[in-house]
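Since the structure comes first, as structure tokens, the remarks are kept for the end.
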Amino acid sequence: MRILGIETSCDETAAAVVEDGVRILSNVVASSAELHQKTGGIIPEVAAREQVRCIIPVIEEALKDTKILGYYDTKKKKKKSPNILVSQYPSIDAIAVTIGPGLIGSLLVGVETAKTLAYVWQKPIVPVNHLQAHLYANWLERKHTKHKVPDFPAIGLVVSGGHTELVLMKGHGKFQWLGGTRDDAAGECFDKTARLLGLGYPGGPAIAASAAKFEIRNSHSEGISRSEQFEIKLPRPMIHTKDFDFSFSGLKTAVINLTKKLKNQETEKRKAEIAAAVQQAIVDVLAEKTLRAAEKYQVKSILLAGGVAANKQLREQMREAIGDKRYEIRIPPPKLCTDNATYIAGYAYFNYQPVSWQKIQASPGLRIC
Ligand code: KG4
Ligand code: ZN
């Protein structure tokens, strides 16, 4: 079964065709991140306008990339460049679209386009919860790796720009919410501290790149954890609480206070060190709580997902911590952690519940479950 996925929940405009929930036939992403660099964050109106401009070319590109599709012009009955409104796509079985959560203007672009295509092409349409779908990046096949789908039950950690969610997944579509952030999301903490340090947008990759320039130099490091070796001490909010909630706004405040104390010159000199300390604090909390949830619920897999799961330190630390424990960890390749439409299509295959196009609506406040 081949599903065309469409994703426009934040500042990306993405389309992808995925076969049987695992095989990526095409994956096209247009990001307006460059436009937001000037403002240091997303302006929803700017993002939506850009998506209106990009959505049709992005979908056309995704269909064109899927070389096996053999699109044809219905009037001339011969192959030509795709024009999605007059062509037929016999090889596409369904359309999947993100309905939420996200920015209303952005979501509407994807949802209304998907509805129109479902009507014109007479194809089933599947509404998709963006947060649940992120986890399905772990079901996608990888080049040069023998494919094995994750085992249930699983703990899922979804860490993105607007969300930090821990869920127990007992099967496809069977989600139990365990906890989430009480204030800022992990990605938001990366973005806000990057802005404070003048590192640009999006903050996650910027903090990670700056942190990579800092090497911990401690001659007495044996037996001391990586986190303890930092001279800059930042809090690990809620790391010891028994629940599975998170809080990252205090960490941002701690960085504000630190930069005030250090003054401009010293902050500039120690930027990489501060970035590394912030990254370490965020990663420590995420890793600790996720591992604790995995132990408590005796799961078979841990699934990471969302833009922050692209973070190298988080990936390495989680893999190290798992060691030879009885469960395995799955982390999508960085490119599939950040927003794209492959996992939207993948999710729709494993949770195939098409609805009439008249019933699909953007739902900006949708929760993970
Ligand atoms: O999942 P995503 O692409 O979009 C949302 O659904 O929000 O996540 C975007 C978030 C941003 O906050 C960005 O700074 C963060 O993911 N991010 C990273 C990295 N790459 C993206 N955070 C830490 N390290 C990274 N390498
Ligand atoms: Zn996302």
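The values are calculated or read from the model by the stated rules, or taken from the named source; none is laboratory data. On a predicted model such as this, the values are computed, not experimentally measured, just so you know. Methodologically, a virtual Cβ is constructed for each residue, glycine included, from the backbone with ideal geometry; neighbour enumeration extends over all protein chains shown. To get the accessible areas, we keep the full protein, side chains included, count just its heavy atoms, and leave off ligands, DNA and RNA. Shrake-Rupley method; radii C 1.70, N 1.55, O 1.52, S 1.80 Å.
Overview of values
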quantity	calculated
Pairwise label distance in nanometres, residue 353 with residue 322, each label 7 Å out on the Cα-Cβ vector	2.8
Solvent-accessible ranking of 128, 355, largest area first, probe 1.4 Å	355, 128
Area accessible to solvent at residue 148, 1.4 Å probe radius, in Å²	100
Accessible-area order (highest first, 1.4 angstrom probe) of the listed residues 271, 233	233, 271
Sorted peptide list for 9-20, 256-267, criterion being average Cβ within 10 angstrom, highest first	9-20, 256-267
Base-10 log of normalised Debye intensity for the range 299-369 (one unit scatterer per alpha-carbon) at q = 0.15, 0.16, 0.22, 0.23 Å⁻¹	-0.69, -0.76, -1.09, -1.14
Ranking by accessible area, most exposed first, for 369, 54, 337 with a 1.4 Å probe	369, 54, 337
Amide H contacts of residue 96 (H built 1.01 Å from N, under 5 Å, at least 5 apart or other chain)	4, 5, 6, 126
Gaussian network model of the chain, springs between alpha carbon atoms under 10 Å - residue of 346, 198, 162 with greatest fluctuation	198
Accessible area of residue 24 in the full protein assembly, 1.4 Å probe (Å², nearest 10)	60
Cα-Cα over 23 Å, subset of 213/233; 269/289; 233/263	269/289
Full-extension gain in nm, residue 257 to residue 170, via 0.36 nm per residue minus C-alpha separation	27.1 nm
In degrees, nearest ten, helix 271-296 long axis to first principal axis of the chain (Cα)	70
Too-long pairs where the Cα-Cα distance tops 32 Å, listed order kept, from 146/252; 38/312; 242/312	146/252
Heavy atoms of residue 300: accessible area, 1.4 Å probe, square angstrom to 10	110
